[in-house]
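Taking it in order: structure first as structure tokens, then the write-up.
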Amino acid sequence: MIDLFSLSERIILQFPGLTPHYTQHPIFPDMFTSAVLAAIIAIGLNLAMALLRRKTTNIEKMKTVMKETGEWRKKYTEAIKKRDKQQIEELKKKQSQMQKMSMEMQQQQMRPMMLYMVPSFMLWIFVFPAIFGQTVALSPIAIPYLTCSDENVKIDTPVQTTNSTNTEVKQGPCKVPGQVFLWGWFLLVNFAFSGIVAKVTNTSIPTF
């Protein structure tokens, strides 16, 4: 979900009129306040996703299916290693059933994800940049694509001069290396807290 989100955002921002869609005078200009508030919003959306998952997904059934398919795969692998043709044939009879069960559970997983991604995507692309700007935190280490690099700062550095004061005005969001982009901060917070939220709400989804 995280790779698709960042890739989609970078592609959409290439369209004319969307790149400068952020305020240069955010409501919360200091990095600490903006980082905390943006993190709270990200955690809140993560919690909403977890509650939506509980409403639309049969978590217990999914865990049961995961256990059954896992046991089937283990037996099938062992049978192949032992070259037990009889057991292989018996397990093959259940293969279509296992695949069907896994597909049904994967479809259940996708429903809440799609319901969450669209409004969340719109908020982080079109609404929050107008409130927070494009950078909301400062990282002590450089994170490719998520933080402003030296090159980003050079690109965003003074390209316009005001006539009255003859002062240079920055045209982009990156003022110093290490500033975290808004969408990057969302991804980091989401990644850091998704497991905790899933555990608290008892909505951990097994991996197929």
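The values are calculated or read from the model by the stated rules, or taken from the named source; none is laboratory data. As the structure is a prediction and not an experimental result, all values here were calculated from the model. So basically every Cβ, Gly included, is an ideal-geometry build from the backbone, and we count neighbours across all protein chains shown. When the accessible area is computed, the model is the full protein with side chains, heavy atoms only, and any ligands, DNA or RNA have been set aside. Shrake-Rupley method; radii C 1.70, N 1.55, O 1.52, S 1.80 Å.
When you look at M114, is it exposed (fewer than 13 other Cβ atoms within 10 Å of the Cβ) and closer than 30 Å to L45 by Cβ, yes or no? Judged against the criteria, M114 is a match. Against the conditions (1) of a type in the set (V, I, T); (2) in contact (Cβ under 8 Å) with a residue 40 or more places away in the chain; (3) more than 25 Å from A192 (Cβ to Cβ), I43 satisfies every one except (3).
Could you grab me the full set of residues in the range 22-32 that are part of a loop (DSSP other than H, G, I, E, B) and either open to solvent by 80 Å² or more (accessible area, probe 1.4 Å) or modelled with pLDDT of 90 or more (or both)? Those that are part of a loop (DSSP other than H, G, I, E, B) and either open to solvent by 80 Å² or more (accessible area, probe 1.4 Å) or modelled with pLDDT of 90 or more (or both): Q24, H25, I27, P29. Considering the range 124-140, and only residues there that are open to solvent by 20 Å² or more (accessible area, probe 1.4 Å), in contact (Cβ under 8 Å) with a residue 24 or more places away in the chain and part of a helix (DSSP H, G or I), the residue that is nearest to A50 (Cα to Cα) turns out to be F126.
May I ask you to verify whether L91 is at pLDDT 80 or above, within 27 Å of K63 (Cα to Cα) and hydrophobic (A, V, I, L, M, F, W, C)? Answer is yes for this residue.
Just one residue in the set A50, A35 is open to solvent by less than 70 Å² (accessible area, probe 1.4 Å), modelled with pLDDT of 90 or more, in contact with a helix residue (DSSP H, G or I) (Cβ under 9 Å, 6 or more places away or on another chain) and assigned to a helix (DSSP H, G or I); that residue is A35. For the range 12-21, indicate whether the set of residues that are in a loop (DSSP other than H, G, I, E, B), surrounded by 14 or more Cβ atoms within 10 Å (Cβ to Cβ), at pLDDT below 85 and of a type in the set (S, T, N, Q) is non-empty. No, the range 12-21 has no match at all.
Within the range 76-95, which residues are open to solvent by less than 100 Å² (accessible area, probe 1.4 Å) and among the basic types (K, R)? Within the range 76-95, just K92 meets the criteria. Among residues of the range 141-154 being assigned to a loop (DSSP other than H, G, I, E, B) and in contact (Cβ under 8 Å) with a residue 24 or more places away in the chain, the one that is surrounded by the most Cβ atoms within 10 Å (Cβ to Cβ) is C148. The residue that is nearest to K94 (Cα to Cα), among those in the range 57-75 that are loosely packed, with under 14 Cβ neighbours inside 10 Å and at pLDDT below 85, is K61. The condition (being touching a residue at least 40 places away in the same chain (Cβ under 8 Å) and more than 30 Å from P140 (Cα to Cα)) is satisfied by just one residue among T64, T56: T56.
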